[in-house]
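The values are calculated or read from the model by the stated rules, or taken from the named source; none is laboratory data. Everything quoted here is computed from the prediction, not taken from an experiment. Cβ sites come from the backbone with ideal geometry, for glycine too, and all protein chains shown count toward neighbours. SASA here: full protein model, heavy atoms, side chains in, ligands and nucleic acids out. Shrake-Rupley method; radii C 1.70, N 1.55, O 1.52, S 1.80 Å.
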Amino acid sequence: MSVVVLISGRGSNLQALLEAGVPVSAVISNRADAKGLQIAAARGAATQVLEHRGFATREAFDDALAAKIDEFTPRLVALAGFMRLLTPAFTQRFAGRIMNIHPSLLPAFQGLDTHARALAAGVKLHGCTVHFVTPELDSGPIVIQAAVAVRAGDTADALASRVLRQEHVIYPRAVRWFLEGRLVIEGSAVRVKGNDAQLIFAAD
Ligand code: GRF
């Protein structure tokens, strides 16, 4: 029934998962200085550090990471600000049971610096997405999205913080659906049994 969460930094999404009561059996970071490790420890979650720098190749790191994850026999692997490109072998090994939270309305703005890019593009609607992870970056079946209006005069930081608030709403919801066995992947789409809303419009 448990979830292994992979992080690299701040850990606010990890915190949201823990506060929502998600059963996290371990938090694994590829950086020893990730703030999220303290959040995990403060809440009694097991923590592990696997530094990618010690590995000669991306494949070798991903193999070691997969072995470490398997020690906890999780039902789900949740990426929460895990700043590593994953090999196809890794994503295929966990296919259908690995999720990510991305700070844009995918498929718009895959990759980094999403908020600044959204502002530069002049979009009026931005947001965040929880999706299953597939070999192609930021492209897997979409579980839930939250939409945030872009305001006149928004800065990337202001927009990021409004989007982040919504990340903390949708990620625990998506994980709970998964653990309840309610997510059905149908091609590149995801259906939620019970028809709960898979789109949220942020009020602020
Ligand atoms: C979030 O914006 C998430 O969408 C992205 O990385 C950031 C991680 O933030 N993938 P945090 O570590 O969860 O605070």
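Assorted remarks:
- Pick from segment 100-112, criterion open to solvent by 30 Å² or more (accessible area, probe 1.4 Å) and in contact (Cβ under 8 Å) with a residue 24 or more places away in the chain, ranking: farthest from the ligand (Cβ to nearest atom): P107
- Residue satisfying all of: in segment 122-142; more than 17 Å from V175 (Cα to Cα) and in a strand (DSSP E or B); most open to solvent (accessible area, probe 1.4 Å) among these: L125
- Look at (1) away from the ligand (no atom under 11 Å from the Cβ); (2) within 16 Å of A80 (Cβ to Cβ) and you find that E167 fails only one, number (1).
- Restricting segment 1-28 to residues that are touching a Phe, Trp or Tyr at 6+ places or on another chain (Cβ under 8 Å) and hydroxyl-bearing (S, T, Y) leaves a set whose member that is farthest from I69 (Cα to Cα) is S8.
- Of all residues in segment 74-91, at least one satisfies being more than 16 Å from the ligand (Cβ to nearest atom), modelled with pLDDT of 95 or more, within 18 Å of D138 (Cα to Cα) and part of a loop (DSSP other than H, G, I, E, B).
- Close pairs from segment 157-176: first in the same structural domain as L17 (by TED's automatic domain parsing), partner of a type in the set (S, T, Y) and near the ligand (Cβ under 10 Å from one of its atoms), Cβ under 6 Å, at least 6 apart: none
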